[in-house]
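> Structure in structure tokens, see below.
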Amino acid sequence: MSDEHHTRAALENQAFALMGRLHVTLRRQTGRVTDIEYMRIDPAYCRYLLKMASLSPIEDLQELGVKLQEIFFGPEGLFVVAEPKPPLIARLTEHAPAPVAAAPAAAPAASTPSDNGDPVDRGYIGRLR
């Protein structure tokens, strides 16, 4: 693993921790519920929440906003350096195996008469019970 990968992973971990704190603080202080995963992948939503934090009278929210602003939009920020990752659900569907086509159903054996002349095989039905 390269140093760049370690640095990016460390930034993502730090951002996740700070977004969690931002989420909890916003919920407790203002009743606002945020989506951390969406904030991680959508720069516009991230900017919106960071602006909300910067305009808040709560000092802790302002500090979290400044730190997250640097992590996401600073010179080596997560949104600046590389494209954001798709949501987890999208990554799951990308790697999901293709659905297997069902084999055509075999024609029922009703057209062939059984030993007693009945076109339906009653012995098979009786064995299912």
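The values are calculated or read from the model by the stated rules, or taken from the named source; none is laboratory data. No experiment lies behind these values; they were computed from the predicted model shown. Glycine also receives a Cβ, built like all others from the backbone with ideal geometry; neighbour counts cover every protein chain displayed.
> From the list R8, R32, R27, which one is under 16 Å from A53 (Cα atoms), at pLDDT below 90 and charged (D, E, K, R)?
Answer to the selection: R32.
> Out of everything in region 10-24 that is of a type outside the set (A, V, I, L, M) and surrounded by fewer than 18 Cβ atoms within 10 Å (Cβ to Cβ), what residue ends up being farthest from L88 (Cα to Cα)?
Only one residue tops the list, namely R21.
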